[in-house]
Structure formats: C-alpha cells, structure tokens
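Colleague: Please see the structure below; I have some questions.
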Amino acid sequence: MRFVAFHRIAVLLLSLAAGPVMAAEITDVAGRKVEIDLPAKGVIVGEARQIHVIAALKGDKTFETVVGWRDDLIKKDPDSYAAYLERFPEIENLPRFGYVPQGDFSLEAAIALSPDVITLNLEAQKAAEESGFEEKAAAAGIKVVYLDFRLDPERNSETSIEILGRLFGAEERAREFIAYRRAEIARVTDRLAAIKDLKRPRVFIERAPGISGENNCCRTFGPVNFGAMVEQAGGHNIAADVIKTTFGDLNPEQLVVSDPDQVIVTGSNWAAESDINQFVPVGRGADLALARERLAKLMTRMPFPELQAVKTGQVHAVWHQFYGAPYEFYPIQQFAKWFHPDLFADMDPQQTFQEFHEKFLPVTYKPGYFVSLDKGLN
C-alpha cells in the first residue's frame with residue numbers, strides 16, 4: 001500500500017500545480033448527466049482496456065491521475081500490458097479491480113483510494129444499477145461514467161473519446177485523435193464511394209474461435225463492431241443478414257449456404273484464460289508462424305473445408321482487441337486490402353499504425369496484428 005499512498009499524494013500535488021478544477025456536467029453514453037469537477041484528480045479505470053484511449057490522450061502522463069484499474073488488460077490483452085509495464089514499471093503495483101457484472105469489483109477498496117470517478121463500459125450498467133453499485137458509489141462521493149467502444153462503436157466511440165478527454169484534461173488531444181481516425185477511415189470509404197457498382201465480397205468474421213469449450217462454429221458479429229468494419233472496408237458481412245445485435249451465432253448450415261468469399265477470425269493472446277489454447281495469437285509482437293499454424297488448424301473444423309474462401313486461401317485473422325478500442329482505422333485499411341487488393345495496392349496499413357504510435361502513443365509499435373493463410377497477403 002506504500003505505492004498507493006505515494007501515488008495519491010503525487011496526484012494531489014499534480015492537481016494543485018495544474019490549477020483549480022472546474023465544476024462541469026458530462027452526459028455519458030448511457031444518457032446520464034453527471035456533475036463532476038474537471039479535470040478529475042483521481043480515476044479508477046473500470047475496464048483497463050480503456051487505457052488504449054487514455055494513452056492516446058495523455059502520452060507520457062497516461063497514468064498521472066489513474067489510481068486503480070480493472071484486471072482485464074493482464075488477463076485478456078497481456079501483450080499490451082507488457083508494453084505499458086515496460087514503459088511505466090510503476091503500474092505493476094497499481095490497485096486492480098474485478099468486473100462489476102461478475103460481482104467481484106470491490107467498491108470498498110475503490111472508496112479507500114478516494115477517486116473522483118469510476119469509468120465503466122456500457123454493458124456493465126445493468127449490473128451496476130441492479131446491484132446498487134451506482135447508489136453506493138454516489139453515497140461515497142464517487143461519480144460513475146459510462147463509456148462504449150464495443151456495443152455500438154460507430155455511435156459511441158467519438159463521444160467516449162470526448163468524455164475521456166474532459167475527464168483527463170486533454171480535450172484538444174481528444175479532438176486531434178478523433179480527426180486522425182476519421183481521416184484514416186475516409187482514405188478507405190472515400191475511395192470506395194467513388195467506385196460505381198462496387199462488387200463487395202461476402203465475408204464471414206468469426207468471433208474468438210479456439211478460446212474455450214468445444215471450439216464449435218460460428219460466433220460472429222451483427223451490423224456493428226467488426227461487422228461494421230467489414231462493410232466500411234468494402235465487404236458484405238453475411239451475418240448482418242440474419243443477426244441484428246452486436247454479437248450472435250450463425251448456424252453452420254447458413255454459413256455453407258452463404259459460402260463467403262473471405263473468412264476472418266478474431267484472435268489474441270488468451271493464454272491466461274483459455275482452456276483449449278487453439279486461438280490465433282495475433283497482436284503486438286506476435287509469433288506469426290504460430291498464428292498461421294493455429295489459423296490453418298481452425299479451418300479444418302466443419303463446415304470450413306467446404307467453403308470457397310478456404311479452398312482459395314482467402315482466410316485471415318485480426319487482433320480481437322480492435323473490437324473494444326477506437327483504433328478501427330487500422331483493421332478497416334487492412335480489410336480493404338484483402339477485399340480489394342488492386343484498388344488499395346498503394347495503401348500500407350502497417351505504416352499507418354506505426355505512424356499513429358509515433359504521433360499519439362507512449363509505447364513503441366511492433367507488428368503482428370494480422371495473419372493470412374496466403375502469406376503474400378501479409
């Protein structure tokens with residue numbers, strides 16, 4: 001707890017040096033109006049993967065006012081955690097919390113850190129309300145603010161970035177981030193819009209195969225999240241024809257009938273929580289030989305060998321964590337190159353993401369976020 005006490009003192013001194021805070025009202029993505037002094041002096045990041053945004057806003061001062069965070073970065077995105085731990089070794093002792101919907105978030109431990117605000121993902125709202133979490137936090141003088149980079153990113157990501165910009169006193173940087181991602185997405189969508197009678201390949205994107213259970217097909221995405229990225233990149237997400245929610249399951253027979261031109265699976269380093277370890281371990285600094293081996297193995301499941309995409313080698317994997325971070329400009333650019341290689345022959349998505357790191361992030365770029373069965377597409 002020595003680190004915690006020191007960190008709280010440091011946060012207080014920094015806030016005093018920064019000048020007076022200003023009372024303000026934030027409308028979060030749940031539509032709740034929250035009165036709070038800005039910038040916040042102490043923040044508990046209720047999903048640690050929000051650090052992908054906070055880092056883009058605060059750079060070398062990413063953890064300046066973060067007094068605690070959820071443990072999900074270590075469990076679900078350990079490669080990113082390793083990058084931030086290397087750059088900010090003090091975060092090894094940063095207090096960690098569980099997940100509100102699972103009931104293992106200790107509000108008592110949070111209150112002891114005296115934060116101004118706890119940021120939660122939108123999907124935690126129902127559990128936070130029904131469990132009395134919101135009410136108890138309010139009684140302790142802690143504001144709860146909901147963000148969303150996952151359930152409906154197209155609708156909520158920019159608002160969530162703006163909210164984090166206000167909470168962390170980085171509003172101008174938030175505007176720069178939003179402008180950057182808009183421009184990089186437009187490099188794809190504007191070019192596609194200029195093509196008359198664009199032929200969109202039929203795409204099936206499978207959610208996190210090989211992470212648990214019997215590894216059956218076919219968890220997927222509806223018309224939002226990765227499903228929307230497929231459409232923005234000039235493909236047609238076949239699951240959106242039958243699934244209208246963020247996530248859902250496609251019947252294997254439906255997959256055979258649709259016979260997609262391209263198959264994409266999402267993968268990450270889930271070694272800490274997988275019970276079968278058959279996932280595709282793409283991500284920062286990934287071993288692409290192992291990732292390609294795993295991807296090929298997944299395509300031996302039924303009904304994949306029957307699909308045109310598998311027969312022609314149009315099979316790929318993408319880093320799963322793009323589904324919860326507003327870095328979607330990178331997969332959109334890569335998808336576009338897979339779907340329309342001639343139209344986007346001059347586009348270099350890897351260079352884009354490396355440039356993004358250099359411009360916005362305090363950690364260095366390492367490749368490994370995509371892999372294909374056809375080596376020539378990487």
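The values are calculated or read from the model by the stated rules, or taken from the named source; none is laboratory data. Since this is a predicted model, take the numbers as computed values, not measurements. Positions of Cβ are generated from backbone atoms using ideal geometry, with glycine treated the same way; all protein chains shown enter the neighbour counts. Please note that ligands, DNA and RNA were not included when accessible areas were found on the heavy atoms of the full protein model with its side chains. Shrake-Rupley method; radii C 1.70, N 1.55, O 1.52, S 1.80 Å.
Colleague: Scan the chain and report its longest stretch carrying no GluC sites (Glu not before Pro) that are both in a DSSP loop and have at most 15 other Cβ atoms within 10 Å.
Modeller: Numbers: sites that count: Glu214, Glu273.
Within the chain, the longest run free of exposed GluC sites (Glu not before Pro) spans 1-213.
Colleague: Further question: By how many degrees, 0 to 90 and rounded to 10, does the Cα axis of helix 349-360 deviate from the longest principal axis of the chain?
Modeller: Here the helix axis deviates by roughly 10 degrees.
Colleague: Let me ask something else about it. Pick out, in residue order, every one of the trypsin sites (Lys or Arg not before Pro) in region 263-345 that is DSSP loop and has at most 15 other C-beta atoms within 10 Å; say none if there are none. Working shown, then result.
Modeller: Numbers: sites: Arg284, Arg292, Arg294, Lys297, Arg301, Lys311, Lys337; in loops: Arg284, Arg301.
For trypsin sites (Lys or Arg not before Pro) across region 263-345 that sit outside H, G, I, E and B with at most 15 neighbouring Cβ atoms in 10 Å, the list is empty.
Colleague: Take the alpha carbon gyration tensor of region 270-356, find the square roots of its eigenvalues, order them as a ≥ b ≥ c, and report rounded if a/c is under 1.5; if not, report prolate when a/b exceeds b/c, else oblate.
Modeller: Cα axes put region 270-356 in the oblate bin.
Colleague: Normalised by the residues of region 11-154, what does the relative contact order come to in percent, with Cα pairs under 8 Å and at least six apart?
Modeller: Numbers: 200 pairs, mean separation 36.0, N = 144.
Relative contact order, region 11-154: 25 percent.
Colleague: Next question, about the same structure. Over the chain, what lengths in whole Å, largest first, do the semi-axes of the equivalent ellipsoid take, defined as the square roots of 5 times the eigenvalues of the alpha-carbon gyration tensor?
Modeller: Equivalent-ellipsoid dimensions as semi-axes: 37, 22, 20 Å.
Colleague: What percent antiparallel are the DSSP beta bridges of the chain, to the nearest 5?
Modeller: Taking every DSSP beta bridge within the chain, about 35 percent pair in antiparallel fashion.
Colleague: List the aspartates and glutamates whose Cα sits under 19 Å from the Cα of Lys199, skipping any in the same chain fewer than 8 residues away.
Modeller: Lys199 reaches Asp190, Glu231, Asp241, Asp259, Asp261, Asp342.
Colleague: DSSP loop trypsin sites (Lys or Arg not before Pro) in region 127-229 with at most 15 other Cβ atoms within 10 Å of their Cβ, which ones?
Modeller: Hits after loop and neighbour filter: Lys196, Lys199.
Colleague: Identify all aspartates and glutamates with a Cα-Cα distance to Lys41 below 12 Å; exclude those on the same chain that are fewer than 8 residues away in sequence.
Modeller: Partners within reach: Glu64, Asp116.
Colleague: Shape of region 214-344 from its Cα gyration tensor (a ≥ b ≥ c, root eigenvalues): rounded if a/c is under 1.5, otherwise prolate when a/b > b/c, or oblate?
Modeller: Judged from the Cα gyration tensor, region 214-344 comes out rounded (a/c under 1.5).
Colleague: With every protein chain present, what is the per residue accessible area of the chain (1.4 Å probe, Å²)? Before the final figure, lay out each step's value.
Modeller: Details: 16170 Å² over 378 residues.
Computed with neighbouring chains in place, this is 43 Å² per residue.
Colleague: Further question on the same structure: Can you list the residues, at least 5 places off or on another chain, whose amide H is less than 5 Å from the amide H of Phe97, using H built in the peptide plane?
Modeller: Those qualifying (amide H under 5 Å, at least 5 residues apart or on another chain) are Trp69, Arg70, Asp71.
Colleague: Would you please give the residues with an amide H less than 5 Å from that of Val66, counting only those at least 5 places away or on a separate chain, with H modeled from the backbone geometry?
Modeller: Val43
Colleague: Kindly work out what percent of the DSSP beta bridges joining two residues of region 197-288 are antiparallel, to the nearest 5.
Modeller: If we restrict to bridges inside region 197-288, about 40 percent are antiparallel.
Colleague: Tell me the net charge near Arg200. Cut-off is 10 Å between Cβ atoms, Arg200 excluded, with +1 for each Lys or Arg and -1 for each Asp or Glu.
Modeller: Local charge sum for Arg200: 0.
Colleague: Still on this model: Whole-Hz Karplus ³J(HN,Hα) for region 257-267, in order, using 6.51 cos²θ - 1.76 cosθ + 1.60 and θ = phi - 60°, x for Gly and Pro?
Modeller: Ordered by residue, 3J(HN,Hα) equals 5, 6, 6, x, 7, 9, 10, 10, 10, 9, x Hz.
Colleague: Once phi is turned into ³J(HN,Hα) by the Karplus curve 6.51 cos²θ - 1.76 cosθ + 1.60 with θ = phi - 60°, what whole-Hz value does each residue of region 134-148 show in order, with x for glycine and proline?
Modeller: Values per residue, Gly and Pro as x: 4, 5, 5, 5, 4, 5, 8, x, 9, 8, 10, 10, 9, 10, 8 Hz.
Colleague: Separate question: As I understand it, the value is the acute angle between the Cα axis of helix 153-167 and the longest principal axis of the Cα atoms of the chain; what does it come to in degrees, rounded to 10?
Modeller: With rounding to tens, the tilt is 20 degrees.
Colleague: Let me ask something else. For Lys297, which lysines qualify as cross-link partners when the Cα separation must be under 26 Å and same-chain residues fewer than eight apart are set aside?
Modeller: Output for Lys297: Lys75, Lys76, Lys311, Lys337, Lys366, Lys375.
Colleague: Tell me, what % of the accessible area of region 248-316 is carbon and sulfur with a 1.4 angstrom probe?
Modeller: 50
Colleague: Return one number: the angle in degrees, 0 to 90 and rounded to the nearest 10, between the long axis of the Cα atoms of helix 78-87 and the longest principal axis of the Cα atoms of the chain.
Modeller: Taking the Cα atoms of the chain, the angle to 78-87 is about 50 degrees.
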